[in-house]
Every structure is written in structure tokens, then in C-alpha cells.
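Coordinate-derived values only; no laboratory data. The model shown is predicted, which means the values in this text are computed figures rather than measured ones. Positions of Cβ are backbone-derived with ideal geometry, glycine not excepted, and every protein chain shown enters the neighbour counts.
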Amino acid sequence: MMKYDICIIGSGAGAGPIAYELTRLGKKVLILEKGPIYSEKDVSKDEIAFVRRDIVTPKLKDEYHVIEEYIEDGWYKFPTYETGWSFWNGNILGGSSNFMSGYFHRLKPNDFKLKTVYGNIEGANVEDWPISYKDMEPYYTKVESKVGVSGSFTKYKHHEPRSKKEYAYPALEEHPITKLFDKSCKELKFTSYRVPRAILSTSKDNRNPCYYSNYCGSYACASGAKGSSRASLLVDALKTGNLTIKSESFVYKLDSSKDEVTKAYYFTKEGNKKEVEAKLFVLSAQAVESSRLLLNSKNEFYPNGLSNSSKQVGKNMIFTGGGIGRGEFDESHLEKDELFTQGLFVNRALKDWYYTDDFKGGTVDFLFEHANPIRRANGLKRDDNGNLLYGKALQDKLFENFTKKRVLNFEVFTDWMPNDNCFVSVDEKYKDKYGVPVANIRIGAHEQDVKVGNFLAKKAIRVLEQMGAKNIDVNISPLPSANLQAGGCRFGDNPKTSVLNKYCQSHDFKNLFVTDGSFMPTGGSVPHTWTIYANSFRVADYIKTIL
Amino acid sequence: MKRREFIVTTSIIGLSSALNSQEFKSDDTFSWLIIDNVYDILFPKTETMPSAKEFNATSYLQINSKDKSFDEDDRAYILQGALDFNNAFPNFLKLDLEEKQNIIERTNSSEYGQEWLTKLVYYGIEALLSDPIYGGNVNEIGWKSLNHKTGKPQPKQKYAKVV
């Protein structure tokens, strides 16, 4: 049996940098990806296939999660095939990075030492990171050039230090409504923060620049502009001749001796069991699935699962807290042609309250409602009392909403406070079509998340009011963002309280690394993707020194 | 429980059955006939919007509900709902437009009835606004009515099949 230098489980943002860096050094790398391979020519802006059906995610009846929610007097389990609330985010080569919107925010120095700066909050398990922003900064910069980040620098009081002032690629083109946004922020004395995006504004190697399709988030990119792990890193890794990709290969168990991980077992598309050996294993299956795999990999040496001597695997899962809001704009705000300009980006955020004197705040991103017409129309099918609309009333409502107004959304991102009621476990009662126990996700949120979310939403509403938006609405919720997962395999210096060391190397096995968002003790008040990419480049540099 | 409620609350009109749904249990033809007539009420032609017939609502659902990616529970529910609807309103197909509208209004006032109609409205919206490759949105009539510009590239294969 071929023994690879490195076997990577998963192919998203945590996997790409490892494959990219190590194949360039001549190491033989194998990626086991659960889903199929799509290239630019295979993707389209097909709402049915990529948004409405389970085509790039498993069918929930076959493979599901169990969500544990607190209802009145206790925790109850709800399989997602009953609720339709999917926690899968893209089982194709490149993983969920194919479908991200690419709102890229770095963490800030204090995010690495939240406990020291703000202290712990009762009922939360906040911990400092074992590394500092200074350790990560070069890798954030590397992501800007390798993955491709477009933007222009905004000066404001909480900006993190940057080794290069400007971004690697110029800012993307902006929608005319940004002028109104900027003016309103100025009047309020708020900073209008220009959000960098992991989308190329100019071409890079074989990747074409953004063509402003208006169908970005939730869709794979047809030009290669979006910085998916596949387009930005794996294509180049393949060119070295040192990368092997086995697609539609679902890893259900890792095996180990007492001292090292020895094999990965996986199912092929046809349901056949196979195994593979490697000198070193990198787990990057997205946080929920990575914890699930470790917990399902118990053996005679490790009865609680692999890398779980601390009994911390699956614990302190984090998502992003917050919620969404909206306001409507029509011809009273902008000329019709301007308002209905399609495809150009808003790329604005509020970050003045990323920190406050008393508590950690967060970020508010502004964006136009996604283009998806089926989803938008479906959201209009009820009247104010929740009753179904049909006939002329429905037809008229669709016409009015699509042709006379546009909705500007805002998304609030707060730190999800890690806590004892947010974790992943496995339960023999719930198994997928392969007979493998599925991940149970308890989704308890700390009350601080909603408190901070409401605080930030009020600031966002002030901007919308200043812009003259109509029908402003907001929904701040304690529910998790299923697409933004982290935690479950915290890194730290103490093997008794953490799963990984500061290089994301297992405390139990020197040849096991976890490089998706699992390592994060806290998540910052932003989407995690830039940090996952940067950290994976950092870990790759360490692996180079030991392999 | 919910289904029984639908039958009880909506059958009090008590019209005699001209069409016996039992005859159609061997295939779904009759259910689709009912659904086609219900779609005429759910999506009528208006000054600005096309009718269900114009954007192929029934045919879209009939064809696409057979795909493996379609929720098989939804398909069964929609078809059974049509039979239950016929049991409750056996003369529906023979009624004039206003009488049909009254029956749909009555159906929408019961929990099970509204659930069934909600499924039909949702898939009607899919037919109106999905890529024409799926058989609805004929000549992009739905997108044009709503001034919606779709993203490019459009699909060359249904359900993102890789060729």
C-alpha cells in the first residue's frame, strides 16, 4: 500500500494551504474529499441546483445532524431530516469556500487575548489564544496575495496593524448606493468601513477577475475570481504532480497505535470500504465533522476517541452570534437605473464598536439582498398575519417587491461565547446511511451574544434611518450560523484543557493536525474564513520543519 | 390528524361526487388534473404577471418531482392532498371560476388545506422563477415580468450534473 507523506481529510480553507505549501516541497499529499469535483466549467447560477436542492450537500435523509435545542424544561434532539435545517456547507472539492460571499475580516490583537482584556463572562468559557496577532499577521498578508483579497484601506480607530498598507488587489466596483451610505455615516460621525473581499478584481495567473454576475454568495464562481481553496490553491498544488485527490471519499474513522495515527478508513461513492496510510494526517472537514470523526475513532488505546485525552473534543463549539436586519429603498432614494444596477458590491461595514470600553462588540456588514429570485419570492408568500397569499394578491406583491424596491440587508457578527451547552457529541441511536453515528450539536447560546447583537443592530438601524430606508426590520437571534462553524478542538498550551498545541498539532499524536476552524477558542466578531486560511499557512510552515 | 381536519372542515359543502377519485389511485393522472386546476386559481394572469399555464406550473412540478433530488415526502403529500381535496370538493373541476376561488379560499382557512396550498405555491414560485431548463419560466416569462436579470452562466445541465 502506498504510504503518503500527508493525508488531508477535507479540501476547504483549512486544507488548501497545507496541500499548496507541502506539494511545492515535493511531499506526496493525498486529499480525501467527501464530495465530487466541480471546475469553473461545471458551475452555473442555477438556483435550483445550488440553493434549493441537496446537490452539493448530502441528502438529509441519508446523512444528517441532530440538533439539540432547549425547550422549556430540557434539551431535546431534532434530526435535521425532520426540520430541513442543514449544517452541511458544501461537499465538493474546495468545500464551503466555494460558496462563501468572501467578506474578509482579520481578527484584531485583542481577539487573541479576550480573557485578559475583558475577563471571563459568567457562564462562558472564554480563553486566550496561545499565539498572538503578531504570529498570525504575516499569514493574513500571505492570504491576501495567494488566495486573493481585493480592497482599499479604511483608517479607523480599531484597525489591526498591517505589514502592508494596501491590499494585494484593488477594490471591487461599488454600487451607487454606497455614496448614500458613506454620506449618512459621515453625518452620524460613524466610520464607513470598506470591506475587503476574497474576490479578484483583476486577473491572477489562470484565474479571471470578477465579472459581477450578481449571483455570488451561495454560488460557486464561474470565473475563478472567488478565492475558493480549489481555485486559489489546489489547482496550483495539482500542477506540482505531488497531489492526489480522491473525491467522493467519506472518511469515517481514523486508526492509531498508542503513539501515532496510522490509517484513515473511508467509503467510496459505491459504498466500498477502503483504507489509506500516511506519515502525517491533517483533519480539516469543517469543525462539526472534524469533532465527529475524532469521537467516532475510538480504539483500544483511546476509548474516548482520538486526540481526546483531555475529553475536550467537541467541546466549546462556536459559531457567530448576531442576526440580520433590512431596510427598503426605492426611486425616492436613487434614480431607478442606479438603484437597480446589478452585480456591483456594497462592501460596507460598521466596525467602530468592534471594541467598547465595557464589552467586546462586533461587526455589521451591509449587502444587498441576494439575487436568488425563488428564495425572495418565497419570502413574500404570506400576509402580515402569516396567512398564505395566492392569486392576484400574491402576484401583485411579487411584482411590487421585485420591480419597485431593493432591500439592503445588514448582518451582525458578534463573538459566540463558548459555553458548556454548545458542543458536538455522537450518539449510537442516530446513524447515517453508512451506519456511522452522526454529529449531535447542542446549540446553547450565551445571553451576551444577543445583548451585543442588539447593541450593534441599533447602530445599523441608525444608518438605515439616516439613509431614509423604509420598513426597517431586524432579527437578532441566539441561533447559530450553520455555515460559520469553529471550535471543538481548541488549541492551547495545557494538554489537560485543550486538544491541540499552538501549532494545531494534537497533544496526543505528533502526526495529527487539525486545521479547519476547530482550533479557535474564540472566533472574533467576524466570519472565520480569512483566519482559517491564514492559520493553515502558519501550520504548513511548522509541518515543513518536522516532515 | 391534520389531514382529517382538512377533510372534515372542507367537506361540509357536501357536493355530490361526479368524479370518483378511487378510480385514479393506480396512477397520479387525476391528482395532476386537480393540481392543474388549483394552479389556475393560485397564479392567475394579471396585468403584470403570467398565469400558471403560461409558465408551465403543473408540468414543471410533474416532471421535476420525479427527480431523485426532489423531496419524496413533498411529492407524496402534494399528490395525496389533491385526492383529499377532491374528496372534500368532488365537483371542483366542474365549477366556474368564482366558485373555484371560493373553494380555494375555504381550503386556505383550514390548517391542512393551507399546508397543501403552501406547497403548491412554493413549487409554483419555483416554476415561475427557475431557469427555463427545468421546464417552467417559459421563455423567461417569469424573470421578464419581474425585471429579473439572471446570473451567467446559465445551466447547461439540470441539477448541476457534471458531464
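The table below gives the values:
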read-out: Cut-off under 5 Å, modelled amide H: who pairs with residue A:440 long-range; value: A:66, A:425, A:426, A:427
read-out: Binned Cα-Cα distance frequencies in the protein assembly as shown - 20 Å width, integer %; value: 17, 49, 30, 5, 0
read-out: With Cα atoms, 0 to 90° folded angle of helix A:447-467 axis to chain A main axis; value: 30
read-out: Other protein chain Cβ atoms within 10 Å, averaged over every residue that makes up B:152-163; value: 6
read-out: Lysines with Cα under 19 Å of residue A:165, excluding same-chain neighbours fewer than 8 positions away; value: A:108, A:134, A:142, A:146, A:155, A:157, A:351
read-out: Modelled FRET efficiency - R0 51 Å, residue A:359 with residue B:47, Cβ distances, 0.05 increments; value: 0.45
read-out: Per-q log10 I(q)/I(0), segment A:449-511, q = 0.21 Å⁻¹ (Debye; single scatterer per alpha-carbon; no solvent); value: -0.86
read-out: Built amide H within the under 5 Å cut-off of residue A:368, gap 5+; value: A:346, A:409
read-out: Cβ neighbours within 10 Å from other chains - mean over A:36-49; value: 6
read-out: Count, lysine Cα pairs under 18 Å in segment A:457-547, 8 or more residues apart or across chains; value: 6
read-out: Helix A:391-404 vs. chain A, principal-axis angle (Cα, 0 to 90°, nearest 10); value: 90
read-out: Burial ordering of A:228, A:218, fewest other beta-carbon atoms within 10 Å first; value: A:218, A:228
read-out: Debye-sum result for segment A:86-232 in log10 I(q)/I(0), which assumes one identical scatterer on each alpha carbon, at q = 0.12, 0.14, 0.15 Å⁻¹; value: -0.64, -0.85, -0.95
read-out: Spatial separation of Cα centroids for segment A:503-531 and segment A:81-148, in angstrom; value: 9
read-out: Neighbouring partner chain Cβ atoms per residue of B:62-69, average, 10 Å criterion; value: 2
read-out: Under 16 Å from residue A:115, Cα to Cα: lysines that are on another chain or at least 8 residues apart; value: A:360
read-out: Debye intensity ratio I(q)/I(0), log10, segment A:422-547, q values 0.10 Å⁻¹ (C-alpha model); value: -0.49
